[in-house]
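Trainee: Here's a structure for you.
Just so you know, all these numbers are worked out from the coordinates, no wet-lab data involved. Computed from a predicted model, the values in this text were never measured in an experiment.
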Amino acid sequence: SKKAPAARKKVTGQRARNPEEKTIVRDQILQNAVDLYCETGYQGFRMRKLASLAGFSPASLYRYFDDKDMVFSGLVDLGFKRMEKKLQAVQSKDLKSYLMAFAGAYFEFALTEQELYKLMTKEDPPTYVVLEKSTEERRR
């Protein structure tokens, strides 16, 4: 069950002029890489196809990523940044509520960003989670 790619701001293919622009272009290329990975998986992922999708020549793409492994390393970093943002947003008055909300945010990330989660953990996300039941109730 592949997720339909979200609308993405198209990378222009123009060369970044400074480190800040390079970071922005690199992040946009990674957004395209997420879409391509969801469509093709690791084995079908090709740098030429990513370059085409991102609006770059294949040679220009290598200014940002040395190879396919560097793209996937960037995707793992992107996944952890997204997860961190989601987990940092968790707030609660007491520890129990905080832990429940934190676990909920973690599993929501795992289920909504399944492809990145698989890359980050090398595992499929959990298919379901029962957070509202206590450990004691689950043992019965």
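Trainee: Dividing the convex hull volume of the alpha carbon atoms of segment 10-85 by its residue count, what do you get in Å³ per residue?
Mentor: Hull volume normalised by residue count: 88 Å³.
Trainee: Between rounded, prolate and oblate, where does segment 13-57 land on the alpha carbon gyration tensor, with a ≥ b ≥ c its root eigenvalues, rounded for a/c under 1.5, else prolate if a/b exceeds b/c? Please list the in-between numbers first.
Mentor: Working: a/c = 3.28, a/b = 2.03, b/c = 1.62.
Cα axes put segment 13-57 in the prolate bin.
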